[in-house]
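Please treat every number below as a calculation from the coordinates, not as lab data. Model, not experiment: these values are computed from the prediction. Don't worry about glycine lacking a Cβ; one is built from the backbone with ideal geometry, like all the others, and counts go over all protein chains shown.
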Amino acid sequence: MPAGALRDPPDTTQVSGLLRMTRDAVAPHMHGAIHHSLVNLSSEIHACFLISVYSVYELPSLAFRTRRLHFGRSMQRASPPALNHRRRFDLPPTMPSTTRLADGTELPLPGFGAMGMSFAYGEKNDEQSKKTLRKAIELGCTVWDTADMYGRGHNEQIIGEVLREGENRKKVFLIDKFGNRWDDEKKSFYVDGSPEWTIEALDQSIKHLGGLYPDAYLLHRVDKRTPIEQTVRALDALRKEGKTKYIGLSECSAETLRRAAKEATIDFVEVEYSPWELVMERNGVLDACKELGIKVLAYSPLGRGFLTGRYKSAEDFKKDGDFERLTRYWNSRQNWPRLTEENFQKNYKIVEEFERLAAKKGCKPSQLALAWLMAQGDHIIPIPGTKSEKYLVENFAARDIELSQAEIDEVRKVIDDNAPVGDRYPAGAMAALDQ
Ligand SMILES: NC(=O)c1ccc[n+]([C@@H]2O[C@H](COP(=O)([O-])OP(=O)(O)OC[C@H]3O[C@@H](n4cnc5c(N)ncnc54)[C@H](OP(=O)(O)O)[C@@H]3O)[C@@H](O)[C@H]2O)c1
């Protein structure tokens, strides 16, 4: 067929009608399960056929809409013919915009991290933060991450206030974490994953939340003095008691995770995962999560703001209101190895590259980073953090960005060519990691 002939689109209503008629003609002659599966199969074939037609006739938005309508965004696993088709035409690889837990609960992507509203980044502004939280509900950005450590209860309190308004509690999937315990004498945090503290910390969190229970409860850091089996048994007991529905670990090694998963079902693992931090791809944690059916909460997905291009020098963190010193071991971002002035400038190339690729795509660098993360699989839940409504809206809209395989590969190359200089945490915090 001459190339020009392809430009003249077919009457799509007729094509759809023809396929529907074929399916309806076949279906009544079938019975029970066979009937049911044939109807489903024929509707999948129908959709695949339409996607092919639209793609050949260079109608990507129709192809995309048909695919989303028929397969949702998790088609990657579901339909081999469509996959082959996708590769052939370099179509968007159907970025996941939701993820499904083992019990069928569907969670929208990306999620949201509330830490900065109470801890680490700039000044607190509760009224602004609560407005942002309400906006998140309005948008449907309803997977929220908090921890008892963030502002030592402050983060849970503002979240609790917003969740107790109207029907809000029902709309949000709340992930809470414990294990970084405050030592008032030493004025610093230490890790405690003992069964006693696992139970007591949740009671304190429930109090901070104003009587609400978190949906998921995670150990924030692995306690090297408490065998993980003991912590997980306590977490599982809390789940059985109905004080939480899901459990998980944060910043664990693959080995710890496998031991934990032998003890009880682990639903979530929270790790630093971003275009600027790929350690979890190399140390077996992401592989273990995939193998064990565990969802990955990708924290600091914007490289603590660095990848957004908003910060031009380490000094800008200070201007943003970062604290000079948070606790004995925690000081502000500009003193973290990867973000010191010297390394900030050495590392800046990746920001420029993200800005270049994002401009080509017509989106923000932050959105490109989040879309790229979501393209790594629908088990990845990025939880970008912000205090502002504006950035929240921007970040959640990353779910609408479709990256083709070629674009995903291009971002990967930029990431590989621009590996960061400097550790992701200061020495004290690095030592607390389970690696
Ligand atoms: N499990 C753990 O150990 C752990 C560790 C760290 C974080 N977390 C969780 O992960 C969440 C996210 O990580 P994170 O907050 O460290 O880092 P992040 O999401 O990579 O970056 C947050 C920073 O980026 C800025 N920002 C966000 N969206 C932006 C946009 N569209 N344009 C420009 N700037 C933007 C924020 O500014 P503003 O605040 O001014 O809006 C903030 O300074 C946290 O809130 C927390 O819930 C977990």
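Which values, in whole Å and largest first, are the semi-axes of the equivalent ellipsoid of region 211-295 obtained as the square root of 5 times each eigenvalue of the Cα gyration tensor?
On the way: eigenvalues 97, 40, 27 Å².
Ellipsoid half-lengths, sorted descending, are 22, 14, 12 Å.
Cα to Cα, under 17 Å, and not fewer than 8 places away if on the same chain: which aspartates and glutamates meet these conditions relative to K413?
Reachable aspartates and glutamates: E277, E281, E352, E353, E355.
Which percent of Cα-Cα pairs in region 187-344 sits in each 10 Å bin, short to long?
All Cα pairs, binned at 10 Å, distribute as 10, 32, 31, 23, 4, 0 percent.
Subtracting the Cα-Cα distance from 0.36 nm times the residue separation, let me have the gained length for R225 to K349 in nm, one decimal.
Details: separation 124, 0.36 × 124 = 44.64 nm, distance 4.08 nm.
Result for the pair: 40.6 nm of gain on full extension.
Per residue and in cubic angstrom, what volume does the convex hull of the Cα atoms of region 329-435 have?
Details: hull volume 14.4 nm³, N = 107.
Convex hull of Cα atoms, per residue: 135 Å³.
Would you list, by chain and number, the lysines whose Cα falls below 16 Å from the Cα of K170, excluding same-chain residues fewer than 8 positions away?
Filter leaves K135, K243, K245.
How much length is gained if the chain between R134 and K245 is pulled fully straight, taking 0.36 nm per residue apart and subtracting their Cα-Cα distance, in nm to one decimal? Write down the numbers at each step before the final one.
Working: separation 111, 0.36 × 111 = 39.96 nm, distance 2.35 nm.
Residue separation times 0.36 nm, minus the Cα-Cα distance, leaves 37.6 nm.
Which entries in K290/K349; K262/K387; K124/K187; K361/K390 show an alpha-carbon gap greater than 29 Å? Spell out each step's value before the answer.
Numbers: K290/K349 31 Å; K262/K387 38 Å; K124/K187 20 Å; K361/K390 20 Å.
K290/K349; K262/K387, as the Cα separations exceed 29 Å there.
Per the Kirkwood formula on distinct C-alpha pairs, the Rh of region 106-431 is how many angstrom?
Values: mean 1/r = 0.0502 Å⁻¹.
It is 19.9 Å.
Kindly list the residues of region 343-359 that lie in the label zone of K413, defined by a backbone N under 19 Å from the point 7 Å along the Cα-to-C-beta vector.
Under 19 Å, as judged by backbone N against the label point of K413, lie 349-359 of region 343-359.
Please work out how much length the chain gains when fully extended from E341 to S388, using 0.36 nm per residue of separation minus the C-alpha to C-alpha distance, in nm with one decimal.
Stretched out fully, the E341 to S388 stretch lengthens by 14.4 nm.
Straight distance only, please: which aspartates and glutamates reach the Cα of K318 with their own Cα at less than 14 Å, same-chain residues fewer than 8 apart left out?
Partners within reach: E123, E341.
With r as the distance between the Cβ atoms of I199 and L107 and R0 = 22 Å, compute the FRET efficiency 1/(1 + (r/R0)^6) and round to 0.05.
On the way: r = 26 Å, r/R0 = 1.20.
After rounding to 0.05, the efficiency reads 0.25.
Can you grab the distance from the C-alpha centre of region 388-403 to the C-alpha centre of region 240-300, Å, no decimals?
Using only Cα atoms to place each centre, the spacing works out to 25 Å.
Based on the inverse mean of 1/r over its pairs of different Cα atoms, what is the Kirkwood hydrodynamic radius of region 135-236, in Å? Could you put the intermediate results ahead of the total?
On the way: mean 1/r = 0.0707 Å⁻¹.
Kirkwood radius, region 135-236: 14.1 Å.
How many nm separate the modelled label positions at E127 and Q157, each set 7 Å beyond the Cα in the direction of the Cβ?
1.8 nm
How far is it, in nm, from the label point at E185 to the one at A427 when both lie 7 Å from their Cα along the line to the Cβ?
Inter-label distance under the simple model: 2.5 nm.
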